[in-house]
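J.: Supplied in structure tokens, the structure appears directly below.
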Amino acid sequence: MKVLVINCGSSSLKYQIIEMDNKEVLCKGLVERIGIEGSQLTHKVPGKDNYVIKEEMKDHQKAVELVMSAITDPEHGVIKSVDEIDAIGHRVVHGGQKFAKSVLIDEEVKDALRRCTDLAPLHNPANILGIEACEKAMPGKPNCGTFDTAFGMGMEPKAYLYALPIEYYNDYEVRRYGFHGASHDYVSHRAIELGGLDPEKAKVIVCHLGNGASISASIGGKCVDTSMGLTPLEGLIMGTRSGNVDPGIMQYICNKEGLDINGILNVLNKKSGVLGMSGGISSDFRDIEKAAEEGNQDCVNALEAFRYRVAKYIGAYVAAMNGVDCICFTAGVGENDIATRKLICDEYLGYLGVKIDDERNNVRGKETLISTDDSKVKVYLLPTDEELKIAMDAVKILSELKK
Ligand code: ADP
């Protein structure tokens, strides 16, 4: 069974074809600059040279048509015809409160997504364009949607309500949603599987530490809390996003710098995080670590603040769940940054009985138990796989349809 996974941005489209019988990625690719001059598609098949198509793509429809021609290309393709694709799985950023799990997309679902556009004005319209382009280009194929926000729907009101006038929730659905849902869902379930934990009761914390970063607490795979909120700006310190700040800062800086609300939000989203704290050195943690090693004190502070914030969230989530069985590190930093994993655990989590095995922890990007055998909490490095999760959900939806 083959699933085509599509992740559409406003000017980009990422895709993969996954053979679900053995979870093999047959090909993956990226279309860039859709609707902008200089658009191109880069198609990658494991073990082969990249295949690049440079052609004007005025819209997502054209991009999907080129993806279809790349995947069926006699020389570079991986299938003879799109008939071999059983389903298409789409990543959808915001499902509002309506979608607590992945669904088969129909007109009603698309209408609901359009109604959520205010909540994700950049992402949802692009996701809908990608869905409609696939419907047109591959008529009759089932299109399934996996929502970034679905995992957070497991939260109870005490975790998802802001202390704001309740009308904002009732009238505008202002609440905490959480993002990176496919990743938190995939990694927490993988931890339960690998650790042989109780599938109903296991208390798992997932630290998704990438350029965008978030952390989740779940019991038996159901989300108890997660650090992002109405938007992906809340929570941890990220590459360029501030995470939690005192909202009063906004007015103060607007007055000092002559900014309006859009200006300050641009600073909080794009110029803050480790990029801002390092004085503009980089949003990439590797650059920040290098500069810190060379003695740059702003970079030392940025890294320490980043780890401290992660540790504070872990502490809060242990309290929220009244315990923890397993802590997982995933995404770019979580999978690759040996020192960050070690320092978070050694400096802050000793009271939980967390013990890291330095030899086991000396690894990147590979599923590994990095805690010692006598650690009271299992700690894992678990590479995330959002595309596989989207494809797995599509397979599940199809099998439920057949029942
Ligand atoms: P996103 O998907 O949010 O763009 P990723 O999960 O791909 O982000 O993570 C990207 C981040 O991972 C970058 O900031 C990069 O610095 C960091 N990263 C990758 N490799 C390493 C490494 N060896 N050490 C530290 N950080 C790393």
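The values are calculated or read from the model by the stated rules, or taken from the named source; none is laboratory data. It should be emphasised that the depicted structure is a prediction, and the values quoted were computed from it without experimental measurement. Positions of Cβ are backbone-derived with ideal geometry, glycine not excepted, and every protein chain shown enters the neighbour counts. Keep in mind that these areas ignore ligands, DNA and RNA; they rest on the heavy atoms of the full protein, side chains included. Shrake-Rupley method; radii C 1.70, N 1.55, O 1.52, S 1.80 Å.
J.: Which condition breaks for ARG286 when tested against (1) farther than 20 Å from PHE179 by Cβ; (2) within 13 Å of the ligand (Cβ to nearest atom); (3) open to solvent by less than 60 Å² (accessible area, probe 1.4 Å)?
T.: Among (1) farther than 20 Å from PHE179 by Cβ; (2) within 13 Å of the ligand (Cβ to nearest atom); (3) open to solvent by less than 60 Å² (accessible area, probe 1.4 Å), the lone unmet condition for ARG286 is (3).
J.: Right, here's the next one. Quick one: GLY154 ticks every box in (1) within 21 Å of MET238 (Cβ to Cβ); (2) open to solvent by less than 30 Å² (accessible area, probe 1.4 Å); (3) not polar (S, T, N, Q) bar one, so which box is it?
T.: (1)
Listed here are the residues, each with its yes/no results for (1) open to solvent by 60 Å² or more (accessible area, probe 1.4 Å); (2) under 21 Å from the mean Cα position of the chain (by Cα).
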site	(1), (2)
GLY229	no, yes
GLY239	no, yes
SER242	no, yes
ILE249	yes, no
ILE253	no, no
ASN262	yes, no
LYS271	yes, yes
GLY279	yes, no
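J.: Looking at region 346-364, which of the residues that are within 16 Å of the ligand (Cβ to nearest atom) and not β-branched (Val, Ile, Thr) is surrounded by the most Cβ atoms within 10 Å (Cβ to Cβ)?
T.: ASN361
J.: Give me the pairs: first residue in region 332-343 and free of Cβ contacts under 8 Å to residues at least 40 places away in the same chain, second residue more than 8 Å from the ligand (Cβ to nearest atom), beta-carbon distance under 8 Å, and six or more apart or on different chains, which are they?
T.: ASN336/GLY365; ILE338/ASN361; ILE338/ASN362; ILE338/VAL363; LYS342/ILE356; LYS342/ASP358; LYS342/ASN361; LEU343/ARG307
J.: Now a separate question. Quick one: in region 41-56, of everything that is free of Cβ contacts under 8 Å to residues at least 24 places away in the same chain and surrounded by 16 or more Cβ atoms within 10 Å (Cβ to Cβ), which residue is farthest from GLY77 (Cα to Cα)?
T.: ILE53
J.: On the given criteria, is GLU294 within 16 Å of the ligand (Cβ to nearest atom), open to solvent by 50 Å² or more (accessible area, probe 1.4 Å) and charged (D, E, K, R)?
T.: Spelling it out, GLU294 is indeed within 16 Å of the ligand (Cβ to nearest atom), open to solvent by 50 Å² or more (accessible area, probe 1.4 Å) and charged (D, E, K, R).
J.: If you don't mind, another one. Report yes if some residue within region 234-254 is farther than 22 Å from GLY276 by Cα, in contact with a strand residue (DSSP E or B) (Cβ under 8 Å, 6 or more places away or on another chain) and of a type in the set (Val, Ile, Thr); otherwise report no. Can you show your working first?
T.: First, the residues of region 234-254 that are farther than 22 Å from GLY276 by Cα: none.
Among the residues of region 234-254, not one is farther than 22 Å from GLY276 by Cα, in contact with a strand residue (DSSP E or B) (Cβ under 8 Å, 6 or more places away or on another chain) and of a type in the set (Val, Ile, Thr), which makes the answer no.
J.: Tell me which helices (runs of 4 or more DSSP H) are completely within region 95-172 and hold 1 or more residues being touching a Ser or Thr at 6+ places or on another chain (Cβ under 9 Å), or say none if there are none.
T.: Working: elements: 107-115, 123-137, 157-160, 166-172.
Once the helices (runs of 4 or more DSSP H) in region 95-172 are filtered for at least 1 residues that are touching a Ser or Thr at 6+ places or on another chain (Cβ under 9 Å), what remains is 123-137, 157-160.
J.: Right, another one. Just checking, does region 69-85 include any residue being closer than 25 Å to PHE151 by Cα and open to solvent by 10 Å² or more (accessible area, probe 1.4 Å)?
T.: no
J.: Out of the residues in region 317-333 meeting the condition of being over 24 Å from MET277 (Cα atoms), not in a loop (DSSP other than H, G, I, E, B) and not β-branched (Val, Ile, Thr), tell me which one is most open to solvent (accessible area, probe 1.4 Å).
T.: Applying the filter and picking the extreme gives ALA319.
J.: Among the residues of region 377-403, count how many are in contact with a Leu (Cβ under 8 Å, 6 or more places away or on another chain) and loosely packed, with under 12 Cβ neighbours inside 10 Å.
T.: 1
J.: Residue pairs, Cβ under 7 Å, 6 or more apart or interchain, first in region 18-34 and without any contact (Cβ under 8 Å) to a residue 60 or more places away in the chain and farther than 18 Å from ASN50 by Cα, second open to solvent by 30 Å² or more (accessible area, probe 1.4 Å) and basic (Lys, Arg). List them.
T.: Listed pairs, sorted by first residue: GLU19/LYS2.
J.: Given the criterion touching a helix residue (DSSP H, G or I) at 6+ places or on another chain (Cβ under 7 Å) and closer than 20 Å to ALA217 by Cα, identify the matching residue among PHE306, PHE285.
T.: Matching residue, one of PHE306, PHE285: PHE306.
J.: Further, regarding this structure: Could you give me the residue pairs with C-beta distances under 7 Å whose first residue belongs to region 194-220 and is open to solvent by less than 10 Å² (accessible area, probe 1.4 Å), whose second residue is within 16 Å of the ligand (Cβ to nearest atom) and among the aromatic types (Phe, Trp, Tyr) wherever it lies, and which are 6+ apart or on separate chains?
T.: If the second residue must be within 16 Å of the ligand (Cβ to nearest atom) and among the aromatic types (Phe, Trp, Tyr), the pairs left are CYS207/PHE329; LEU209/PHE329; SER214/PHE179.
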